[in-house]
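For reference, the structure discussed in these notes is given below.
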Amino acid sequence: MAHSVAPPATGHAAPAPLPVRTVLPWAVFGGILMLVLLYFVGAEQGATALLSGTGVHEWVHDGRHLLGFPCH
């Protein structure tokens with residue numbers, strides 16, 4: 001017959017710690033992604049345009065105003 005062992009009834013389950021080694025690559029990826037998005041919302045189609053045309057400007061126009069970036 002199998003025996004089951006119940007954890008002590010403390011009322012709170014403690015989360016397992018996450019090693020920094022597993023979180024760090026995702027944090028770096030998220031930071032780089034946020035910087036790229038910030039560039040496209042804040043500076044693209046302005047003085048430092050990497051893409052020609054006004055497509056990017058039109059896609060992020062309302063986001064620029066919402067975040068306080070001037071665009072015209």
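The values are calculated or read from the model by the stated rules, or taken from the named source; none is laboratory data. Every value quoted in this text rests on a predicted model; they were computed, and no experiment measured them. We work out accessible area using only protein heavy atoms, side chains counted, and drop any ligands, DNA or RNA first. Shrake-Rupley method; radii C 1.70, N 1.55, O 1.52, S 1.80 Å.
Heavy-atom accessible surface of Thr22, to the nearest 10 Å², is about 80 Å², with a 1.4 Å probe and all protein chains retained. Heavy atoms of the protein chains alone define the surface here; on that basis the range 17-72 has 82 Å² accessible area per residue at 1.4 Å probe size. Not counting ligands, DNA or RNA, and with a 1.4 Å probe, what is Ser4's accessible surface area in Å² rounded to the nearest 10? Spelled out: Ser4, probe radius 1.4 Å, area about 110 Å².
Using the alpha-carbon positions of the range 24-68, Rg (one decimal) and Dmax (whole number) come out as 12.0, 37 Å.
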